[in-house]
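Only one structure is covered here, and it is reproduced in the block below.
The values are calculated or read from the model by the stated rules, or taken from the named source; none is laboratory data. Here the structure is a predicted model, which means the values were calculated and not measured. Cβ: placed from backbone, ideal geometry, glycine included. Neighbour counts: every protein chain shown.
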Amino acid sequence: MKRKKKQPSPTLDVLSYFLIPEMKILSGAERTKLLSKYGVDEGRFPKMLAKDPAAKALDAKPGDIVRITRDDGTGKYHAYKIIV
């Protein structure tokens, strides 16, 4: 009996999809500024899994903080998530 060869899954740039908001990994200086501005530690941020397709596309590592910029029609706002 022949075994089927595993086909590589087609690659898709999830960050260019129209429903995915703009995302960026914060630099060390931006991260420090953010934490001091809000006076919180990293454990207080919402979490995003490292295996999330958007996190993979950003090449985000556990511990990185991602800024998500959304446009709701009345303006842009930022949300932050930490990669776990």
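In the stretch 47-57, what residues are under 20 Å from Leu12 (Cα atoms) and out of contact with any Asp or Glu (no Cβ under 8 Å at 6 or more places or on another chain)?
Keep residues of the stretch 47-57 that are under 20 Å from Leu12 (Cα atoms), which gives 48-57.
Residues satisfying the conditions are Met48, Leu49, Ala50, Lys51, Asp52, Pro53, Ala54, Ala55, Lys56.
Quick grid of which residues meet (1) in contact with a Phe, Trp or Tyr (Cβ under 7 Å, 6 or more places away or on another chain); (2) of a type in the set (Val, Ile, Thr); (3) at pLDDT below 95:
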position	(1), (2), (3)
Met23	no, no, no
Leu26	no, no, no
Arg31	no, no, no
Asp41	no, no, yes
Lys47	no, no, no
Pro53	no, no, yes
Asp64	no, no, no
Asp72	no, no, yes
Lys81	yes, no, no
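What pairs can you find where one residue is in the stretch 69-84 and surrounded by 15 or more Cβ atoms within 10 Å (Cβ to Cβ), the other is of a type in the set (Asp, Glu) and part of a loop (DSSP other than H, G, I, E, B), and their Cβ atoms are less than 8 Å apart, with a gap of 6+ or different chains?
Ile82/Asp64; Ile83/Asp64
Given the condition exposed (fewer than 10 other Cβ atoms within 10 Å of the Cβ), on the phi > 0 side of the Ramachandran plot and more than 10 Å from the chain's Cα centre (by Cα), answer yes or no: does some residue in the stretch 39-56 qualify?
yes
Only residues in the stretch 18-30 that are surrounded by 12 or more Cβ atoms within 10 Å (Cβ to Cβ) count as the first member; pair them with residues that are part of a loop (DSSP other than H, G, I, E, B), Cβ under 7 angstrom, at least 6 apart or cross-chain, and list the lot.
Ile25/Ala60; Ile25/Asp64
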